[in-house]
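The values are calculated or read from the model by the stated rules, or taken from the named source; none is laboratory data. Values in this document were obtained by computation on a predicted structure and should not be read as measured data. Using ideal geometry, Cβ is built from the backbone for each residue, glycine included, and neighbour counts are taken over all protein chains shown. All accessible areas refer to the heavy atoms of the entire protein, side chains included, with ligands and DNA or RNA removed. Shrake-Rupley method; radii C 1.70, N 1.55, O 1.52, S 1.80 Å.
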Amino acid sequence: MARLAGTSTAVVSYVINNGPRPVAPATRERVLAAIKELGYRPDRVAQAMASRRTDLIGLIIPDARQPFFGEMAHAVEQAASERGKMVLVGNTDYIGEREVHYLRAFLGMRVSGLILVSHALNDLAAAEIEAWDARVVLLHERPEAIDDVAVVTDDLGGAQLAVRHLLEHGYEYVACMGGTAETPAVGDPVSDHVEGWKRAMAEAGISTEGRLFEAPYNRYDAYRVALEVLAGPNRPPAVFCSTDDQAIGVLRAARELRIDVPGELAVAGFDDIKEAALADPPLTTIASDRSAMARAAVDLVLDDGLRVAGSRRERLRTFPSRLVVRTSCGCGV
């Protein structure tokens, strides 16, 4: 191949491996033409053995069945493809032992880096990351157990936006559907959503006592909780849900109980999953740029400068939240 391209084997290697040294455009074109003519296919296994690193990125998420995580995983896969990488995905189902299993498996495969969406990273998982000296970027959540670079949304500020918007409609108060007793108090988006709700209510001089309801993040369990809350004697006039999936469960419960939304109950969510626009009624929610977040996470995990020590502010990349107004809050009806 080098003879056909009229260059050295080292230059051919630089073209095939995209480095480590630059190659002049004309020379690169000759090498690529020779590759095409000879039908050459790189042996990725041999390359991985030589470099002790693969073209793979490990992505560990809680549950791809939940639309938010499915959309986030797709965004990461697209961003990785733009960098010539493939993505391995592991679902933990919020189980710590399964998270450790995927950490060990992916690190053992010599992935180029790990993007971790961890609900509550335990000490064993943190120890595995430390032992392997792994490249890790935290995405969406910031577990206390490790202090790696994180890419997150302004969850607290976004929640405040949603609750303020509901209160501006004149509702007496806004109830909140938060997480469960297992939801981490620090570093978890849902905890920040609850805190944002509390702050917005406090700004308006409204009590939150007895107005926070625990529910898992998915629509099915949220639906069951909502049936009980909405059928009770103290039905709230408005509900802010920590996830869109929860909000969709609330809308279903309201429909079954013949409660008009937004006439008798206003609802807002968080995440702006694609389904939110097609909900009945369309769901007012908080959005963030998942594609930009995914691209930032991929760039960081592949960046040789990832390990350079910096301040906590430099190690935390926060993307803004924005209010997406539809009709479930009472607007446009």
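Is it true that SER291 is surrounded by fewer than 18 Cβ atoms within 10 Å (Cβ to Cβ), at pLDDT 90 or above and either in the same structural domain as GLU141 (by the TED database) or of a type in the set (Gly, Ala, Ser) (or both)? Write out each step before concluding.
Values: surrounded by fewer than 18 Cβ atoms within 10 Å (Cβ to Cβ): yes; at pLDDT 90 or above: yes; either in the same structural domain as GLU141 (by the TED database) or of a type in the set (Gly, Ala, Ser) (or both): yes.
Judged against the criteria, SER291 is a match.
Find all pairs meeting these conditions: Cβ atoms under 7 angstrom apart; at least six residues apart or on different chains; first residue within the stretch 53-67 and of a type in the set (S, T, N, Q); second residue not in a strand (DSSP E or B).
The qualifying pairs are THR54/ALA48; THR54/MET109; THR54/ARG110; THR54/VAL111; THR54/SER112; GLN66/TYR217; GLN66/ASN218; GLN66/ASP245.
Please count how many residues of the stretch 147-191 are open to solvent by 20 Å² or more (accessible area, probe 1.4 Å), within 26 Å of VAL301 (Cα to Cα) and modelled with pLDDT of 95 or more.
Counting residues in the stretch 147-191 that are open to solvent by 20 Å² or more (accessible area, probe 1.4 Å), within 26 Å of VAL301 (Cα to Cα) and modelled with pLDDT of 95 or more gives 2.
If ALA254 satisfies every condition in (1) open to solvent by less than 10 Å² (accessible area, probe 1.4 Å); (2) more than 28 Å from GLY96 (Cα to Cα); (3) out of contact with any strand residue (DSSP E or B) (no Cβ under 8 Å at 6 or more places or on another chain) but one, which is the exception?
(3)
Name the residue, out of GLU264, GLU275, that is open to solvent by 10 Å² or more (accessible area, probe 1.4 Å) and either touching a residue at least 40 places away in the same chain (Cβ under 8 Å) or under 20 Å from the mean Cα position of the chain (by Cα) (or both).
GLU275
Those residues that are open to solvent by 40 Å² or more (accessible area, probe 1.4 Å) and closer than 20 Å to CYS329 by Cβ, I need them from the stretch 220-236; list them, please.
TYR223, ARG235
Give the stretch 69-95 a look and list any residue that's open to solvent by less than 20 Å² (accessible area, probe 1.4 Å) and touching a helix residue (DSSP H, G or I) at 6+ places or on another chain (Cβ under 8 Å), or say none.
The answer is MET72, ALA75, VAL76, ALA79, ALA80, GLY90, THR92.
Would a scan of the stretch 315-329 turn up a residue that is out of contact with any Asp or Glu (no Cβ under 8 Å at 6 or more places or on another chain) and at pLDDT below 95? Working first, answer last.
Of all residues in the stretch 315-329, those out of contact with any Asp or Glu (no Cβ under 8 Å at 6 or more places or on another chain) come to 316-317, 322-323, 325-329.
If we keep only those that are at pLDDT below 95 as well, we get 316-317.
Within the stretch 315-329, one or more residues are out of contact with any Asp or Glu (no Cβ under 8 Å at 6 or more places or on another chain) and at pLDDT below 95.
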